[in-house]
1. Residues to consider are 12, 42, 56; find the one that is open to solvent by 30 Å² or more (accessible area, probe 1.4 Å), at positive phi and more than 16 Å from ligand 3 (Cβ to nearest atom).
2. Within 16 Å of ligand 3 (Cβ to nearest atom) and either loosely packed, with under 15 Cβ neighbours inside 10 Å or touching a residue at least 60 places away in the same chain (Cβ under 8 Å) (or both): is that true of residue 188 in this structure?
3. Quick check on my filter: what residues within region 118-150 are touching a Pro at 6+ places or on another chain (Cβ under 7 Å) and either surrounded by 16 or more Cβ atoms within 10 Å (Cβ to Cβ) or touching a residue at least 40 places away in the same chain (Cβ under 8 Å) (or both)?
4. Considering region 17-37 alone, what residues qualify as being touching an Asp or Glu at 6+ places or on another chain (Cβ under 6 Å) and either among the charged types (D, E, K, R) or near ligand 1 (Cβ under 8 Å from one of its atoms) (or both)?
5. If you go through region 136-174 one residue at a time, how many are closer than 17 Å to residue 14 by Cα and within 11 Å of ligand 3 (Cβ to nearest atom)?
6. So residue 115 passes all but one of these: (1) surrounded by 14 or more Cβ atoms within 10 Å (Cβ to Cβ); (2) away from ligand 2 (no atom under 13 Å from the Cβ). Which condition number does it fail?
7. Output yes when any residue across region 159-173 is more than 20 Å from residue 59 (Cβ to Cβ), within 16 Å of ligand 2 (Cβ to nearest atom), open to solvent by less than 30 Å² (accessible area, probe 1.4 Å) and touching a residue at least 12 places away in the same chain (Cβ under 8 Å), and no when none is.
8. Can you find a residue in region 145-154 that is within 14 Å of ligand 2 (Cβ to nearest atom) and in a strand (DSSP E or B)?
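The values are calculated or read from the model by the stated rules, or taken from the named source; none is laboratory data. A quick note: this is a predicted structure, and the numbers were derived from the prediction, not measured. As a convention, Cβ positions derive from the backbone with ideal geometry for all residues, glycine included, and neighbour counts pool all protein chains shown. These accessible areas exclude ligands, DNA and RNA; they are computed on the full protein's heavy atoms, side chains included. Shrake-Rupley method; radii C 1.70, N 1.55, O 1.52, S 1.80 Å.
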Amino acid sequence: MIGNIILLGPPGSGKGTQAKLLAERLKIPHISTGDILRAAKGTELGDRAAEYMNRGELVPDTVLIAMIEDRLSQQDCAAGCILDGYPRTIPQADALSEILTELNREIKTVLDIEVPDDRLITRLSARRVCACGATYQLTFNPPQLEGVCDLCGGALYQRDDDTEESVRNRLLVYKRETQPLIDYYRSQGLLVAIDGSGGITEIADEIYRAVS
Ligand code: ADP
Ligand code: ADP
Ligand code: ZN
């Protein structure tokens, strides 16, 4: 039993990048609620969610709680998983602890990845993604061939919500809705702060030590 690990941190702090690396190392699933919502494009749920996402708003709690309950109940999560982008509000965190209690599981560690705001904006404006889930950054983490995914050869594109206006709103929403979770988990003795301003490998090693 490895346990459930939560990655907290503002948009652009590197949650997705680090969650993928850690999931490979620990051999447990990486659950990104943003990826699940984006993959639902074309369905009624996905299209309704995209309206919130493009504005940089949160998708309603009821939608996210049902989604995470369904995902955590699947067999591959039995030994634990890495939660990237959930919970983002106090009601989501309360629902998570009920769901885990019901499943007879618990939260092992909450990692809070800290990065200064100006750096988040630089990172997100040059983020490029692939449909396979890979993420690049034009300056710090570029693909080998411009516009092409190293992993699958797919065409890279910019996310609809990585516009400057949406990014600024996401940072405000993060401070208002998600930042309170830092104290929430600190008071439960689960929080570990990670300096997310260094290089990707260095941060990955610090995170691995924190959960080992
Ligand atoms: P989040 O999931 O928290 O929004 P991502 O993992 O998608 O963050 O990272 C945001 C952007 O910053 C991506 O373009 C990614 O390649 C880049 N990035 C991630 N970690 C670092 C780092 N340590 N230094 C520089 N750029 C990074
Ligand atoms: P980032 O960390 O870069 O903001 P994510 O992929 O985690 O990106 O999230 C993208 C968008 O998906 C969010 O801005 C929000 O609209 C929606 N979303 C993802 N997870 C949640 C959640 N737990 N609660 C509400 N909305 C969510
Ligand atoms: Zn790819």
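1. 42
2. It is false that residue 188 is within 16 Å of ligand 3 (Cβ to nearest atom) and either loosely packed, with under 15 Cβ neighbours inside 10 Å or touching a residue at least 60 places away in the same chain (Cβ under 8 Å) (or both).
3. 120, 124, 136, 149
4. Those that are touching an Asp or Glu at 6+ places or on another chain (Cβ under 6 Å) and either among the charged types (D, E, K, R) or near ligand 1 (Cβ under 8 Å from one of its atoms) (or both): 19, 32.
5. Result for region 136-174: 2.
6. Only one criterion in (1) surrounded by 14 or more Cβ atoms within 10 Å (Cβ to Cβ); (2) away from ligand 2 (no atom under 13 Å from the Cβ) is unmet by residue 115, namely (2).
7. no
8. Taking every residue of region 145-154 in turn, none turns out to be within 14 Å of ligand 2 (Cβ to nearest atom) and in a strand (DSSP E or B).
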